[in-house]
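Shown next, in C-alpha cells, is the structure this report addresses.
Where a number appears in this text, it was derived from the coordinates with a stated rule and is not lab data. The model shown is predicted, which means the values in this text are computed figures rather than measured ones. Reconstructed Cβ throughout: ideal geometry from the backbone, glycine too, with neighbour counts over all protein chains shown.
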Amino acid sequence: MSSLYSLFFAAVAVMVAINVSLARRFRSTLPLVYSLGLLAVGAIVYLQSLAASSGDLSVRLAIAVAGGAAAACLGAFWDRLMLLPVHAPRARWLMLAPVAVIVAASAIAVVTLLAGDEGPLSRELVDLLENAQQLAAVLLLPAIAATALPPLRAGYRPALYSVAGLLFFLARAAASGWVLRGFVELDGGGLSALTAGGDALLLVGLLGEFLGFVFSLSNRAELHTAGRSQSEAAGIQSYASEYAERRYARSKLGRIDTTRLQEQLRHYMESEQLYCDEDLSLDRLAELCDTGRHELSEYLNQRLGTNFNRYVNGYRVRAVQTAIREDPARTLLDIAFSAGFNSKTRFNSEFKRVTGQTPGEYRRQVRADSPGDGD
C-alpha cells in the first residue's frame with residue numbers, strides 16, 4: 001500500500017478519536033454513528049487492496065459486509081443529521097430503501113461466509129450480491145443529494161455544511177471504489193486503476209467530508225441544545241413544532257395588517273417592556289396583539305428573520321447591556337433575572353449569541369471604558 005493509504009488509515013483513527021470527544025461534548029450519539037461509518041470505510045479500502053491481489057472469495061464477502069455496515073451508518077447518520085423525519089418525511093424513504101437493499105445483501109454475505117463454501121454456486125452468489133450492492137449504491141447517492149434540498153429550503157443551517165461534506169463524500173466514495181467496484185476489474189492495477197490519482201482523492205475527500213460534517217454537527221448541537229440548557233431530543237422537538245408552524249401557516253400573513261402588528265409589537269416590547277416577564281409566551285403575546293399564534297410566528301420568521309425566543313431574548317440582552325452600563329457594580333444574575341431571563345445558562349448563551357461576548361467580558365469592557373467607576 002502507498003504512503004497515502006497509510007496516511008488515510010491514520011486520519012481515520014484520529015477522526016474517530018475526535019468524534020468520541022464530540023459525542024461527549026454535544027451529548028449526542030450522532031458522532032459515534034459517523035465513526036462506525038468511517039471504520040467501515042477503512043475496512044473496505046483495506047479489503048479491496050487484498051481482493052485486488054488475491055481475489056479470495058472470503059475477502060470479497062467481507063467487502064460486502066463492510067459495505068453494508070458503511071451504508072447502514074451513512075443512512076442513519078444522514079437521516080438524523082438533516083432531521084429528515086421533520087424536513088422530508090417522505091423523501092427520506094428514497095434514501096433508506098437502497099440502504100435496506102445493501103444491508104440485506106450484507107446479511108446474505110454473512111450467511112455465506114459462515115457456510116464456508118467456496119464452490120461455483122457461492123461465487124455466483126457473491127457476484128449477485130456485489131451487483132445488488134453496487135446498483136443500490138448508485139441509487140443511494142442521488143437520493144441522499146435529493147434529501148438535502150428540503151432542509152436547505154427550510155433554512156436549516158447545518159444543511160449548508162452537510163452538503164459541502166456530501167460533495168467530498170462523493171469524491172471519496174469514487175476514489176475508494178465503493179460505487180465503481182462492481183463495474184471495473186480490480187486485478188492488476190488495483191485501486192489506482194479506478195481513478196487517476198485516486199489515492200490522493202481518497203484522502204482529500206475524507207478530510208473535506210470530515211470537516212464539513214463536524215461543522216454541521218457543531219451547528220446542529222448549538223441549534224438544538226441552546227447552550228446545553230436543554231437536551232438534544234427536547235431541542236429537536238421544539239424545532240419540529242416551530243418548523244411545522246412555519247410550514248402550515250405560510251399564507252396567513254396576507255390576512256392580517258402587518259403594519260399594525262409591527263406597531264403593537266414595538267409598543268409591548270419597548271414601551272411596556274413585556275420581555276421582562278419570564279413567563280411571556282408566544283400565545284400570550286399573540287393574544288395581546290390581537291392575532292393568532294401562527295400569524296405572529298410567521299411574521300417573526302418571514303419578516304424579521306427570527307423566532308419568538310430569539311426575538312424576546314434580543315430585547316432582554318439589550319436591556320442587560322443598558323443596565324450594565326448604568327450600574328456596572330450590580331450583579332449580572334440580578335440584572336439578568338430582572339430582564340426576564342430565568343436561567344443562568346440561557347442568559348449566558350443568549351448574551352454571547354447576540355453580542356459575541358460573555359456577560360463578564362462585556363462588563364469588563366464597560367468598566368475599562370469608564371475608569372472613573374472603578375472595578
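Details
- Each of the peptides 56-65, 307-316, 23-32 was scored by the mean count of other Cβ atoms within 10 Å over its residues; in descending order, highest first, they stand as 56-65, 307-316, 23-32.
- Förster radius 45 Å - calculated FRET efficiency between T259 and I18, Cβ distance, rounded to 0.05: 0.35
- Three-way shape call for segment 310-375 based on the alpha-carbon gyration tensor, with the a/c threshold at 1.5: prolate
- nm² value of the averaged projected area, convex hull over the Cα atoms of segment 16-87: 5.5
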